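Have a look at the structure below, then the notes.
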Amino acid sequence: MLSIRNYVRPQTIEEAYEYAKKPLSVVLGGMLWLKMQNRNVNFAIDLSDLHLDQIEEVDDEIHIGAMVTLRELETNEQLNHFTQGAIKESVRHIVGVQFRNLATIGGSIYGRFGFSDVLTLFMALDCEVEFYPTGRVSIKEFANMKFTKDILTKVIIKKVPTNVVYLSQRNISTDFPVLTCAVSCIDQHYTCIIGARPLHAVAFNGNSYFETGITEENIQNFTKCVLSELKLGSNSRASKEYRQKIAKVLIKRAFLQLKEDVYGN
Amino acid sequence: MEIKLTLNGERIVQDIEPDLLLIDFVRKNGCYSVKRGCDTSNCGLCTVLLNDKPVLSCSVLAMRANGAKVVTLEGLQEEAKPLATFIASQGAEQCGFCNPGFMMNTLALLKENPHPSDDDIKEFLAGNLCRCSGYEGQLRGIKNYLNYLEEKGNE
């Protein structure tokens, strides 16, 4: 059971950080996962008054505030146009609309959950995450960092030529994924992300495999390389062996779809 | 802590515990249509509208609704009554426990998209679980309700 002694709504990020540094404090995202935990919290810090619920274009970047909900990501035309619908695809299977109206991008990414659809996609988008007070860090680097008291304020996508495809496999609709896969071609750089292993998402660089373009042979060689390095596990949803077979299929399908998006055939 | 909000059009000011959930707050204030089901943010039984958006009240701190507008099925009786009749006429209510959540989310869908396709309905209501019916009855009931609204609009 989640027990909260003090609920605070800071009016500035500096004030929020002061609370965050105190023992037994927690920054609230959508609090859907937090609520499931047995935890005593001294200060529950709600960032709702910090205007972090905006999606804005700033010069050659798209800034997504940490309190933007998954439903807002799903329905945002600009983001979905930029990602060819991949953002919508990555969140639309997550429980239901009511859940997605609460869950935030900040909470989803900060937690680096093993089951995260959102982390998988945003790693493929090669974005950065901004923290107060330490500043920006690449999301791929952040995925392997230790938890700190810094507050995630924004997710930043660079507006460069981007093609991205997101796929996931679920045992039943609305459940956690058994495996997630996102592939991208950003400025001629190819990346493949595999998540829900059930460990958190990992990235594979595909540049050397796709120098001559996305062909069946190149996909096959790249998939072989990914599968030889990919660490998978078993849990109640699927075995390691099953995930290995699914990974092979998802990587191939995702690259074939990426090929269609990039070359138009 | 003091909370001020509007619940079904009524202004409420109360002292509450910081970890009180919105579901418990609305039920303490007489809104018994809001059911506690899975308690793991999955079933949709506890759906309420928070500033016009459907959310799971079992997963929101009541304090997060401070200053907001909260609506439960008790506040939507006029819109809900004909919809409930169409759902019931398809035998889709059975035990009836999931119905308030279904109705709240259906009404939220129709506000966002007044002319949904079957796929739109299924996708929007995917977070409302029913262990009796298999969902076909609800789908038929909602479609009949949409036809009724269209005929009423044409009169």
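The values are calculated or read from the model by the stated rules, or taken from the named source; none is laboratory data. Everything numeric here is computed off the predicted structure, so don't read it as measured data. Glycine gets a Cβ as well: all are built from the backbone with ideal geometry, and neighbour counts include every protein chain shown. For accessibility, only protein heavy atoms count, side chains too; no ligands or nucleic acids. Shrake-Rupley method; radii C 1.70, N 1.55, O 1.52, S 1.80 Å.
Okay, here's what the table says:
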item: Pairs, first not assigned by TED's automatic domain parsing to the domain that holds B:Gly37 in the stretch B:57-77, second surrounded by 20 or more Cβ atoms within 10 Å (Cβ to Cβ) and acidic (Asp, Glu), C-beta under 9 Å, six or more apart; result: none
item: Flag for B:Asn113 being out of contact with any Asp or Glu (no Cβ under 7 Å at 6 or more places or on another chain) and either within 12 Å of chain A (Cβ to nearest Cβ) or among the aliphatic types (A, V, I, L, M) (or both); result: no
item: Residue count, the stretch B:58-81 (criterion: more than 9 Å from chain A (Cβ to nearest Cβ) and of a type in the set (Ser, Thr, Tyr)); result: 1
item: Residues located in the stretch A:146-198, provided they are open to solvent by 60 Å² or more (accessible area, probe 1.4 Å) and closer than 30 Å to B:Asn42 by Cα; result: A:Lys146, A:Phe147, A:Thr148, A:Lys149, A:Asn171, A:Ile172, A:Ser173, A:Phe176
item: Unmet requirement for B:Asn99, which otherwise passes all of (1) within 14 Å of chain A (Cβ to nearest Cβ); (2) without any contact (Cβ under 8 Å) to a residue 40 or more places away in the chain; (3) under 25 Å from A:Ile172 (Cβ atoms); result: (1)
item: Residue list for the stretch B:42-81, restricted to those being crowded, with 23+ Cβ neighbours inside 10 Å and β-branched (Val, Ile, Thr); result: B:Thr47, B:Val48, B:Val55, B:Val60, B:Val70, B:Thr72
item: Hits in the stretch A:27-75 - residues which are out of contact with any helix residue (DSSP H, G or I) (no Cβ under 9 Å at 6 or more places or on another chain) and of a type in the set (Val, Ile, Thr); result: A:Val58
item: Residue within the stretch B:124-132 that is open to solvent by 60 Å² or more (accessible area, probe 1.4 Å), charged (D, E, K, R), at pLDDT 95 or above and not in a helix (DSSP H, G or I) present; result: no
item: Index of the failed condition, B:Ala108 passing every other in (1) part of a helix (DSSP H, G or I); (2) at the interface with chain A (Cβ under 10 Å from one of its Cβ atoms); (3) surrounded by fewer than 22 Cβ atoms within 10 Å (Cβ to Cβ); (4) not polar (S, T, N, Q); result: (3)
item: Residue identified as of a type outside the set (S, T, N, Q), out of contact with any Cys (no Cβ under 8 Å at 6 or more places or on another chain) and within 17 Å of A:Cys127 (Cα to Cα) among A:Ile105, A:Ile94, A:Ile45, A:Ile4; result: A:Ile105
item: Some residue of the stretch A:1-11 being within 18 Å of B:Ser59 (Cβ to Cβ) and in contact (Cβ under 8 Å) with a residue 60 or more places away in the chain; result: no
item: Tally, over the stretch A:207-265, of residues that are open to solvent by less than 20 Å² (accessible area, probe 1.4 Å) and among the basic types (Lys, Arg); result: 1
item: Conditions (1) hydroxyl-bearing (Ser, Thr, Tyr); (2) surrounded by 20 or more Cβ atoms within 10 Å (Cβ to Cβ); (3) within 14 Å of another protein chain (Cβ to nearest Cβ); number of the one not met by A:Ser48; result: (2)
item: The lone exception for B:Gly96 - which of (1) open to solvent by 50 Å² or more (accessible area, probe 1.4 Å); (2) among the small types (Gly, Ala, Ser); (3) modelled with pLDDT under 95 it fails; result: (1)
item: The stretch A:103-112, residues that are in contact with a strand residue (DSSP E or B) (Cβ under 9 Å, 6 or more places away or on another chain) and surrounded by fewer than 24 Cβ atoms within 10 Å (Cβ to Cβ); result: A:Tyr110
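Conditions tested, residue by residue: (1) more than 14 Å from every other protein chain (Cβ to nearest Cβ); (2) assigned to a loop (DSSP other than H, G, I, E, B); (3) open to solvent by 20 Å² or more (accessible area, probe 1.4 Å).
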residue	(1), (2), (3)
B:Phe25	no, no, no
B:Val34	no, yes, no
B:Leu83	yes, no, no
B:Ile87	yes, no, no
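Quick grid of which residues meet (1) open to solvent by 30 Å² or more (accessible area, probe 1.4 Å); (2) over 24 Å from A:Ala254 (Cα atoms); (3) within 10 Å of chain B (Cβ to nearest Cβ):
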residue: A:Val26; (1), (2), (3): no, yes, no
residue: A:Glu56; (1), (2), (3): yes, yes, no
residue: A:Ile62; (1), (2), (3): no, yes, no
residue: A:Glu74; (1), (2), (3): no, no, no
residue: A:His81; (1), (2), (3): yes, no, no
